[in-house]
Amino acid sequence: MNKLWSGRFQKSTHKLTDDFNSSIHFDQRLYKQDITGSIAHAKMLGKQGIIPKEDAELIQKTLYEILSDIEEGKIEFDIAAEDIHMNIEQILTQRIGDVGKKLHTGRSRNDQVALDMRMYLKDEIRVITAMITDLQKVLLNLAKENTLTIMPGYTHLQKAQPLSFAHHLLAYVEMLKRDKQRLNDTYTRTNVLPLGAGALAATTYPLDRDFVARELDFEQISLNSLDAVSDRDFCIELLSALSIMMMHLSRFSEEIIFWCSHEFQFVELDDAFSTGSSIMPQKKNPDIAELVRGKTGRIYGSLMALLTTMKSLPLAYNKDMQEDKEPVFDAIDNVKMCLPVFTDMAGSMKVNKDRMYEGAKGGFTNATDLADYLVKKGIAFRDAHSIVGKIVFACIEKGIGLEDMTLDEYKAVSQNVEEDVFKAISLEECVNKRNVPGGPAEEAVKKAIAVNEALL
Ligand code: ARG
């Protein structure tokens, strides 16, 4: 089969050239966007009288047929036709002859591929955003059940102050909210029609670009033909937004992994989302969380790959840019695998409230509250901090907690300490006194849940 561009060539391409140059094995997934874009282009060509209306109609009708044939698995793509764009055009021309050859009037593969990628990304951003919302919903439901579940909060992975498990979960709900905002921003900048940019210098035909934009649901048209075919910043933005989102999932995975360790036992993963060992019969491993954590690396890798591919390309199109597809596709595929399984794993895990409470009881997580109590009794905070530090040291020596001290022992520290100290340093009080907006108190957490539910 002659190449669509073979006119100026005396020889056909080497088999190695075809294999190396061809992208059909990975860009065939763009068939729907490619055909939809071509249908809008053909319709516009007919409307503008650039090609006869009957020809435009035959092209559109045949493209619809090709679309359904592809969907029914009836089409085999041709490596020699290089990519999805030329494969579709070749099939079209095989079916309707010379009329099919008119489709590419006023268009280049350079603006065509930019269009296909933008359409594809718009679709996928919607899907991924919905998946993130599903995860947020699961976390909110889990949070609702755990507004009174006290757990230790950590800094430096050392016990710091008590929190509720709900508050911890809501931290991730906030991160995911920003992840969706970033995707939404990416969507806005992706939502610009490049078609009409031609190879690089637009075209002499009187194209109606606004018409095509409306047909294909693009918010704007690009304002510079060179820019429209040259940049892949929208792909890089997507990879960046996905990398950040995966970084959040990876941190969450890491926490789940140690929460379900024997040392913590804060949660237990459902059997359906755990795996065993081929040698150690007792094992129940958090492979799902580990794999999400692990896949984060390859999403970052995709971001780095495309940034590096693009960094010194002169304007306008260069074939290097065909290398945008695999990293973008791989990142999207993997994110779409991670999110639903992570959501179901998180939604089905059993929360061990007693273990969390026990964990919060150790490690003097109420020490700040004891210092605050002394402040209320008239001692300066810096002095109170030092006094409590000494009490903590004494308690460590005795192997007891602050709540195990007697009132007399407290009176020896300060005459002003009274019986109410025990309530003040109870874990419930430590959490629920922190009732500023954004704090872990039950009331504040319930408000945060309500705000987030309204957003979803
Ligand atoms: N398959 C190419 C890509 O993915 C399409 C654009 C090719 N354009 C060209 N002038 N060779 O980038």
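The values are calculated or read from the model by the stated rules, or taken from the named source; none is laboratory data. Bear in mind that the values here come from a model prediction, so they are computed numbers and not experimental data. Glycine also receives a Cβ, built like all others from the backbone with ideal geometry; neighbour counts cover every protein chain displayed.
Some observations on this one:
- Any hit, the range 253-261, residues being part of a loop (DSSP other than H, G, I, E, B), surrounded by fewer than 17 Cβ atoms within 10 Å (Cβ to Cβ) and modelled with pLDDT of 95 or more: yes
- Residue tally, condition among the β-branched types (Val, Ile, Thr) and out of contact with any helix residue (DSSP H, G or I) (no Cβ under 9 Å at 6 or more places or on another chain), over the range 288-322: 1
- Selection count, the range 413-432, where residues are part of a helix (DSSP H, G or I) and either at positive phi or surrounded by fewer than 12 Cβ atoms within 10 Å (Cβ to Cβ) (or both): 1
- Residue pairs whose Cβ atoms lie under 8 Å apart, sitting 6 or more positions apart in sequence or on different chains, and linking a residue in the range 85-109 that is more than 15 Å from MET44 (Cβ to Cβ) to a partner that is among the aromatic types (Phe, Trp, Tyr), are ASN87/PHE77; ILE88/TYR31.
- Among the residues making up the range 433-456, those that are closer than 17 Å to PRO152 by Cβ, part of a loop (DSSP other than H, G, I, E, B) and within 28 Å of the chain's Cα centre (by Cα) are GLY439, PRO440.
- Helices (runs of 4 or more DSSP H) contained in the range 17-74 and holding at least 2 residues of a type in the set (A, V, I, L, M, F, W, C), within 16 Å of the ligand (Cβ to nearest atom) and modelled with pLDDT of 95 or more: 24-27
- On inspection, LEU183 fails the criterion of being touching a Pro at 6+ places or on another chain (Cβ under 9 Å) and under 30 Å from PHE26 (Cβ atoms).
- Residues of the range 265-307 classified as assigned to a loop (DSSP other than H, G, I, E, B) and buried (at least 17 other Cβ atoms within 10 Å of the Cβ), total: 4
- Subset tally (residues that are free of Cβ contacts under 8 Å to residues at least 24 places away in the same chain and either outside any strand (DSSP E or B) or within 16 Å of the ligand (Cβ to nearest atom) (or both)) for the range 127-164: 3
- Subset of the range 289-325 that is of a type in the set (Lys, Arg) and within 16 Å of the ligand (Cβ to nearest atom) - its residue that is farthest from PHE20 (Cα to Cα): LYS325
- Among the residues listed as LEU58, LEU63, the single one being in contact (Cβ under 8 Å) with a residue 24 or more places away in the chain, in contact with a Ser or Thr (Cβ under 6 Å, 6 or more places away or on another chain) and over 17 Å from GLY196 (Cβ atoms): LEU63
- Where a residue in the range 19-44 is closer than 18 Å to LYS74 by Cα and its partner, wherever it lies, is small (Gly, Ala, Ser) and more than 9 Å from the ligand (Cβ to nearest atom), with Cβ under 7 Å and at least six apart: ILE24/ALA81
- A single member of ALA171, ALA166 is buried (at least 24 other Cβ atoms within 10 Å of the Cβ), within 24 Å of the chain's Cα centre (by Cα) and not acidic (Asp, Glu), and it is ALA166.
- If you go through the range 70-89 and keep only what is over 33 Å from the mean Cα position of the chain (by Cα) and more than 21 Å from VAL113 (Cα to Cα), you end up with just LYS74.
- Taken over the range 344-363, the residue count meeting the criterion of being surrounded by fewer than 20 Cβ atoms within 10 Å (Cβ to Cβ) and either among the aliphatic types (A, V, I, L, M) or assigned to a helix (DSSP H, G or I) (or both) is 12.
- Matching residues in the range 223-247 - criterion: being outside any helix (DSSP H, G or I) and within 13 Å of MET117 (Cβ to Cβ): ASP231, ARG232
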